[in-house]
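The values are calculated or read from the model by the stated rules, or taken from the named source; none is laboratory data. Since this is a predicted model, take the numbers as computed values, not measurements. Cβ placement follows ideal geometry from the backbone for every residue including glycine, while neighbour counts extend to all protein chains displayed.
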Amino acid sequence: MSLQSVLEVENNNSITNMDSRDFKLFRELVHHHTGIWLRDGKEIMLSSRLARPIRRLGLSDFNDYYHFLCSCPKDSNDFIEFINCVTTNKTSFFRERHHFEFMKNKMVPDLQAAALRGAPKRVRIWCGASSTGEEPYTIAITLLEALPKNSWIIEVVASDIDTNVLSKAKQAIYTADCLEPADEHLLPKYFLRGKGNMANQVKVKPEVTRLVDFRRINLMDDYWDIDGMFDAIFFRNALIYFQQDVQDKFIRKMLRYLKPGGYLFLGNAEHVPWLHDLLKPLSNTMYQLIPRGK
């Protein structure tokens, strides 16, 4: 084997094998800038995700990459690429369907009743971990199905820290099998089917996409690009990536944007029992903000 080949093998090994010291350095960097906590045993996962930017930058190992990132502006493309690499994005249309049934059968009728008493015909929902868009589009479709056509203002704010998934979400194009959880009658109503070499793909119709406003928000930042109050906040299957102190920080700040009596929806494995002085637990990881003074 030539000297060059030996050096290439050694370089590849330095990228694929992350030692405990490097892992701890990256874990603290990730935690500081995103709030995400990487548990022990995630070395292989992390090293595989970081290998691509290391090779693209022509760096020799994880330690070099760590020091490179420490010198990067946090709003630079290189640092944002690093953040994108460490986030996990798993979602689907109509995931945890009971939340959308609750919206249709309880939340929307209550808003309609309030409108009869003079409240504005407007509904605002924030999806705080929107990933590739399936969840906020499902929220918008649920509201379109539940409310009279063209008589209500519907706004869904969808945020995520990962710029790659936000870009995909804005395109609103998915493989057809992603719609398997959706009721059959909704497909021609809210999705366009591709033709030719796009035959296996679908695109969300404009009457849905125009209701969803995608924004990049890092929940660790002091400033969030959020304005106004919401009738409900979805923050599902995201808390599991944070330790309790960060969970508490995020949820308490989110509740500032939730109307009294508004709803918080979490993932099936997520619970916030230490916040029961602020949130009334409902069934199936649904919570209602307790109005002050009650």
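When the residues of segment 30-57 are filtered to those that are part of a loop (DSSP other than H, G, I, E, B) and of a type in the set (Lys, Arg), the one that is surrounded by the most Cβ atoms within 10 Å (Cβ to Cβ) is Lys42. Would you call Tyr66 part of a helix (DSSP H, G or I) and either basic (Lys, Arg) or not assigned by TED's automatic domain parsing to the domain that holds Lys168 (or both)? Judged against the criteria, Tyr66 is a match. Set side by side, the residues Phe100, Phe94 differ, and just one is on the phi > 0 side of the Ramachandran plot and out of contact with any strand residue (DSSP E or B) (no Cβ under 6 Å at 6 or more places or on another chain), which is Phe94. Restrict the check to segment 159-168 and report whether at least one residue is over 27 Å from Ile217 (Cα atoms) and surrounded by fewer than 15 Cβ atoms within 10 Å (Cβ to Cβ). No, because not a single residue in segment 159-168 is over 27 Å from Ile217 (Cα atoms) and surrounded by fewer than 15 Cβ atoms within 10 Å (Cβ to Cβ). For segment 223-230, check the following and say yes or no: at least one residue is assigned to a loop (DSSP other than H, G, I, E, B), among the β-branched types (Val, Ile, Thr) and under 19 Å from the mean Cα position of the chain (by Cα). Yes, segment 223-230 has at least one match. Identify all residues within segment 189-217 that are at pLDDT below 95, out of contact with any strand residue (DSSP E or B) (no Cβ under 8 Å at 6 or more places or on another chain) and either within 20 Å of Phe100 (Cα to Cα) or assigned to a loop (DSSP other than H, G, I, E, B) (or both); write none if there are none. Of everything in segment 189-217, just one residue is at pLDDT below 95, out of contact with any strand residue (DSSP E or B) (no Cβ under 8 Å at 6 or more places or on another chain) and either within 20 Å of Phe100 (Cα to Cα) or assigned to a loop (DSSP other than H, G, I, E, B) (or both), namely Lys195. Of the residues that make up segment 144-154, is at least one part of a loop (DSSP other than H, G, I, E, B) and among the basic types (Lys, Arg)? Yes, segment 144-154 contains a residue that is part of a loop (DSSP other than H, G, I, E, B) and among the basic types (Lys, Arg). Here Glu184 clears all of (1) farther than 19 Å from Arg97 by Cα; (2) surrounded by fewer than 19 Cβ atoms within 10 Å (Cβ to Cβ) except the condition numbered (1).
Would you check if there is a residue in segment 196-204 being within 19 Å of the chain's Cα centre (by Cα) and surrounded by 12 or more Cβ atoms within 10 Å (Cβ to Cβ)? Scanning segment 196-204, I find at least one residue that is within 19 Å of the chain's Cα centre (by Cα) and surrounded by 12 or more Cβ atoms within 10 Å (Cβ to Cβ), so the answer is yes.
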